[in-house]
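Structure, as structure tokens:
The values are calculated or read from the model by the stated rules, or taken from the named source; none is laboratory data. Please read these numbers as outputs of a predicted model, since none were measured by experiment. For neighbour counting, all protein chains shown are included, and Cβ atoms are generated from backbone atoms with ideal geometry for every residue, glycine included.
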Amino acid sequence: MTQFIAITPNAEVNGETILSIVSGMGSLKTTAYQILENHGISNPVPGRWYPQQAWLDSFKVIARTYRPVTLICIGRKIPENAIFPPEINTIEKALAAIDVAYHMNHRIDGRPLFDPSTGEMREGIGHYTFQSLGTNKAAIICDNPYPCDFDRGIVDEMAFMYKPAASRGVTITHTDDSLCRNDGGEVCTYIVEW
């Protein structure tokens, strides 16, 4: 999937999620607001909706201007800023919830892409697909227009937040770099072990 290009031109993202750029850029908060404003997102606030393409355009500037760790930091702020399902209490549920949360925080034609009351998920923005690989191991397949390093930050944060107390640690590995969206691949896959 091509990075930085919305799959559905009229897709929108909520202000809660957009504010992850601001909190993820830390001491560069003023710069973050300026980058967003340069792409048509002025003073984002929770509860409002903004064009996904404008947010992706902001990511493109950040990816070209700053080191990959900046995108990772922004991704790590997603669980703190975006809306997530409330029933997360294990690492497996946390990793599976990334796709649900992704759809909860985006909408097309004024309708959020996930309805928690019915469990209905609508298409149009790609996915974060969770696959169990057995005991204490899973894959997250990212086929969405966001940058690979941003996705890495989301996966990192969710895995570390919900790491089982008995686990010695968490390792997250990006599989075959030749498939990476940074290099023109269709998806990025992360293997999470705990």
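Computed values, structure above
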quantity	calculated
Any helices (runs of 4 or more DSSP H) falling wholly within the range 15-84 and containing at least 3 residues that are closer than 22 Å to residue 98 by Cβ	15-24, 52-65, 68-81
Boolean, residue 34 is modelled with pLDDT of 95 or more and surrounded by fewer than 20 Cβ atoms within 10 Å (Cβ to Cβ)	yes
Where a residue in the range 118-138 is free of Cβ contacts under 8 Å to residues at least 24 places away in the same chain and its partner, wherever it lies, is surrounded by 12 or more Cβ atoms within 10 Å (Cβ to Cβ) and assigned to a loop (DSSP other than H, G, I, E, B), with Cβ under 7 Å and at least six apart	121/113; 122/113
Looking only at the range 37-53, and only at residues there that are under 17 Å from the mean Cα position of the chain (by Cα) and crowded, with 20+ Cβ neighbours inside 10 Å, the one that is nearest to residue 159 (Cα to Cα)	52
Qualifying positions in the range 129-146 - over 18 Å from residue 14 (Cα atoms) and in contact with a helix residue (DSSP H, G or I) (Cβ under 8 Å, 6 or more places away or on another chain)	129, 130, 132, 138, 140, 142
Flag for residue 156 being surrounded by fewer than 20 Cβ atoms within 10 Å (Cβ to Cβ) and under 20 Å from residue 19 (Cβ atoms)	yes
Members of the range 91-117 that are among the β-branched types (Val, Ile, Thr), in contact (Cβ under 8 Å) with a residue 60 or more places away in the chain and in contact with a Phe, Trp or Tyr (Cβ under 6 Å, 6 or more places away or on another chain)	91, 98
Selection within the range 104-129 - within 27 Å of residue 171 (Cα to Cα) and in a strand (DSSP E or B)	127, 128, 129
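Per-residue answers, yes or no, for (1) surrounded by 22 or more Cβ atoms within 10 Å (Cβ to Cβ); (2) among the small types (Gly, Ala, Ser); (3) under 10 Å from the mean Cα position of the chain (by Cα); (4) at pLDDT 95 or above:
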| residue | (1), (2), (3), (4) |
| --- | --- |
| 74 | yes, no, yes, yes |
| 80 | no, no, no, yes |
| 92 | no, no, no, yes |
| 96 | no, yes, no, yes |
| 113 | no, no, no, yes |
| 139 | no, yes, no, yes |
